[in-house]
1. With an 8 Å cut-off on Cα pairs and a minimum separation of 6 or more residues, tell me the relative contact order of segment 1-128 in percent.
2. Express the Stokes-Einstein translational diffusion coefficient of the chain in µm² s⁻¹, to the nearest whole number, given a Kirkwood radius over alpha-carbon pairs, 25 °C and a viscosity of 0.890 mPa s.
3. Tell me which residues come under 5 Å, amide H to amide H, from Ala211 once H is placed; ignore anything under 5 positions away on its chain.
4. Compute the helix-to-body angle for 128-144: its Cα long axis versus the longest principal axis of the chain, expressed 0 to 90° and rounded to tens.
5. Using a 10 angstrom Cβ neighbour count of at most 14 plus a DSSP loop assignment to flag exposed chymotrypsin sites (Phe, Trp or Tyr not before Pro), which longest range of the chain is free of such sites?
6. Just for the Cα atoms in segment 125-245, what are the lengths along the principal axes, largest first, rounded to whole Å?
7. Based on Cα coordinates alone, diagonalise the gyration tensor for segment 1-49, multiply each eigenvalue by 5, take square roots, and list the semi-axes in whole Å, largest first.
8. Using Cα-Cα distances under 8 Å and only pairs 6 or more residues apart, what relative contact order does the chain have, in percent?
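What follows is calculated from the coordinates using simple rules that are stated; it is not laboratory data. What you see is a predicted model, and the numbers here were worked out from it, not measured in a lab. Methodologically, a virtual Cβ is constructed for each residue, glycine included, from the backbone with ideal geometry; neighbour enumeration extends over all protein chains shown.
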Amino acid sequence: MNIATLIVDDEPIARRAIVRLLRDDPDIELLGECGDGASAVEAIRSQSPDLVFLDIQMPAINGMDVVATIGAERMPATVFVTAFEQYAVRAFEANAVDYLVKPFGRERFTDTLRRVKARLSVGEGMNGAASARILQALDALRQRDDYLQRLPVRVDERITFIDVDGIVWIKANGNAVQIHLADGVHEMRETMNALAARLDPRHFARVHRSAIINVRRIQAIHPWFNGYHVVTMDTGQKLRMSRYQHETFLRLVSARRKDEKRDGEN
């Protein structure tokens with residue numbers, strides 16, 4: 001068995017520890033090391049490793065961002081590495097996801113690698129069940145965090161971040177979403193439902209099954225026909241609101257009135 005392996009961790013000491021433990025394993029072909037999430041995304045896409053050791057807590061683009069950018073179904077077999085955190089450990093264990101808690105010893109590392117090899121030897125890799133387990137574990141971790149403040153998107157050949165405040169609206173596009181800003185559009189590989197769960201519901205509202213809007217970017221709301229409404233954004237973009245989104249409509253009207261009252265007082 002030849003397992004092409006990538007190590008991703010922003011801490012050089014942690015990377016060296018994994019390299020040292022892998023060095024004498026004849027089944028491992030070490031492809032390289034990445035010290036940040038952006039280079040990890042590039043390496044996974046260009047080198048197609050069989051296995052990646054992925055640190056969860058990294059600045060800027062963390063481990064969860066890497067998985068979201070690549071897509072869980074396209075990730076190689078993954079061992080998540082984390083500083084001790086009971087919530088993360090429970091999430092990984094509940095979903096049978098392989099993980100290592102820093103600092104880890106040789107015995108624990110060997111047990112984890114043995115499980116990974118067993119799965120790879122029978123061709124499990126990152127099949128549907130494995131990617132579903134990862135998504136469920138990461139969803140549990142996300143529920144602990146605050147709502148998203150920034151999103152990683154690809155611009156040309158690099159990963160950059162956009163502030164969610166700058167989003168005007170979001171459109172579903174199959175298993176991806178289109179992020180509409182005032183000055184352009186970016187595509188991100190994440191389902192609409194998954195992204196909606198990570199956005200602050202005070203600031204983002206679903207007006208249609210295929211559209212989420214930034215409430216703070218609304219310019220006007222007008223009735224249409226058959227119970228529908230049209231929402232005009234501050235960029236001039238007009239979006240139809242489903243007639244089944246009545247509660248959303250009432251919330252948007254209330255938010256608009258509060259904003260107008262606040263502006264009048266200033």
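1. So the answer I get is 22 percent.
2. Value of D from the Cα-based Kirkwood radius: 120 µm²/s.
3. For Ala211, whose amide H was placed from the backbone, the distant partners under 5 Å are Ala172.
4. Computed tilt is about 60 degrees.
5. Numbers: sites that count: Phe84, Tyr147, Trp224, Phe225, Tyr244.
The longest such stretch corresponds to 1-83.
6. Dimensions of segment 125-245 along the principal axes of its Cα atoms: 51, 32, 26 Å.
7. Working: eigenvalues 65, 47, 4 Å².
Taking √(5λ) for each eigenvalue gives 18, 15, 4 Å, largest first.
8. 11 percent
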